[in-house]
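Structure first, then comments.
The values are calculated or read from the model by the stated rules, or taken from the named source; none is laboratory data. What you are looking at is a predicted structure, and each value in this text was computed from that prediction instead of being measured. So basically every Cβ, Gly included, is an ideal-geometry build from the backbone, and we count neighbours across all protein chains shown. These area figures cover heavy atoms from the full protein model, side chains too; ligands, DNA and RNA do not enter into them. Shrake-Rupley method; radii C 1.70, N 1.55, O 1.52, S 1.80 Å.
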Amino acid sequence: MSLAAKVKDLRERTGAGMMDCKKAIEASDGNIDQAIDWLRENGIAKAAKKGDRVAAEGLTKVVIEGNKAVILELNAETDFVAKNDQFLELLNTIASTLVASDAKTLEEGLALEVNGQTVTELIATGTATIGEKIDLRRFEIIEKTDAQSFADYSHMGGNISVLLVLDGTNDEVAKQIAMHVAAANPLFLNENNVDAEVLAKETAIITKETKENAGGKPENIVEKMITGRVNKYLEEICLTKQAFVVDPSVKVEKAAENAGLTIAGFSRFEVGEGIEKVETNFAEEVAQQMKA
């Protein structure tokens with residue numbers, strides 16, 4: 001087999017770049033199996049060097065297995081990776097591994113084993129072969145009872161994923177509520193779930209702004225204005241108090257109730273939310289890679 005044929009074969013089997021495959025073949029005296037080992041050893045080392053790079057793209061995913069489900073976010077450096085079969089395979093493997101586990105923390109999830117490799121090692125290999133930093137950013141494993149139901153929704157192929165747990169079953173309305181969560185991005189299920197610090201901070205801001213712009217109104221009127229604005233804020237951030245996107249004349253809680261449902265909980269993951277993205281000059285980055 002010629003060098004070019006071996007390079008082609010190695011690229012197809014590992015997904016590594018052409019120059020890396022050529023180096024691996026030469027370093028292994030033409031032995032394909034040894035070249036694969038060389039790529040893994042050197043690839044993982046390269047993956048470690050990518051540790052300071054920002055992975056803010058990628059995909060989210062929901063997998064449901066009986067009374068158990070997982071929602072997760074797997075990040076990479078560019079959105080092109082969402083079209084990469086190896087990245088999709090890695091996402092699916094990690095998702096199926098997590099949903100079959102009892103992992104509660106990210107550390108526990110990364111330590112799970114898949115065919116003799118930990119999830120951490122699997123991601124490192126993926127980083128080496130795909131050529132981008134890959135991170136398992138977060139996941140949540142959720143369980144339900146036999147009397148409850150799951151509903152999930154994926155927007156734009158996994159840019160946003162939603163997982164709902166509901167008391168009762170109504171597939172059509174449950175899916176509509178999941179779609180509502182994706183669109184409206186509620187922060188909390190209901191008023192009782194609102195973080196006390198978040199509410200206190202927003203109330204303080206509303207109080208200050210309202211009093212400063214009260215224009216001499218009586219104190220009791222100002223207090224009613226403050227209460228009204230706080231309630232309006234709660235309607236914006238609480239799922240059950242939001243106007244239902246399918247029928248804005250009713251609140252989500254009422255829409256669920258009319259369908260025989262009670263929303264027990266939800267999770268919404270959006271790719272890259274909260275990550276500060278670094279703007280890069282693509283031409284310069286390609287030039288640097290060519291010099292390497």
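Tabulated data for the structure shown
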{"item": "Long-range neighbours under 9 Å by Cβ, at least six apart or interchain, first residue within 18 Å of Thr203 (Cβ to Cβ) within the stretch 213-227, second open to solvent by 90 Å² or more (accessible area, probe 1.4 Å)", "result": "Val222/Lys211; Met225/Lys217; Ile226/Lys211"}
{"item": "Residue check for Asn92: at pLDDT 95 or above and polar (S, T, N, Q)", "result": "yes"}
{"item": "Single residue of Leu136, Leu106 found to be under 14 Å from Phe269 (Cβ atoms) and surrounded by 19 or more Cβ atoms within 10 Å (Cβ to Cβ)", "result": "Leu136"}
{"item": "Residues of the stretch 109-125 classified as closer than 19 Å to Ala56 by Cα and open to solvent by 40 Å² or more (accessible area, probe 1.4 Å), total", "result": "2"}
{"item": "Members of the stretch 236-257 that are without any contact (Cβ under 8 Å) to a residue 60 or more places away in the chain, assigned to a helix (DSSP H, G or I), within 19 Å of Glu172 (Cα to Cα) and open to solvent by 80 Å² or more (accessible area, probe 1.4 Å)", "result": "Lys254, Glu257"}
{"item": "Checklist (1) open to solvent by 10 Å² or more (accessible area, probe 1.4 Å); (2) within 30 Å of Leu39 (Cβ to Cβ); (3) under 19 Å from the mean Cα position of the chain (by Cα); (4) not aliphatic (A, V, I, L, M) applied to Phe87, failing item", "result": "(1)"}
{"item": "Subset of the stretch 23-64 [surrounded by fewer than 18 Cβ atoms within 10 Å (Cβ to Cβ) and either modelled with pLDDT of 80 or more or not in a helix (DSSP H, G or I) (or both)]", "result": "Lys23, Glu26, Ala27, Asp29, Gly30, Asn31, Ile32, Asp33, Gln34, Arg53, Val54, Ile64"}
{"item": "Filter result (in a strand (DSSP E or B) and over 15 Å from Asn67 (Cβ atoms)) within the stretch 141-189", "result": "Tyr153, Ser154, His155, Ile160, Ser161, Val162, Phe188"}
{"item": "Residue, least open to solvent (accessible area, probe 1.4 Å), within the stretch 65-84, restricted to residues that are over 14 Å from Phe139 (Cβ atoms) and among the β-branched types (Val, Ile, Thr)", "result": "Val81"}
{"item": "Single residue of the stretch 187-226 satisfying the filter (open to solvent by 50 Å² or more (accessible area, probe 1.4 Å) and of a type in the set (Val, Ile, Thr)) that is modelled with the lowest pLDDT", "result": "Val198"}
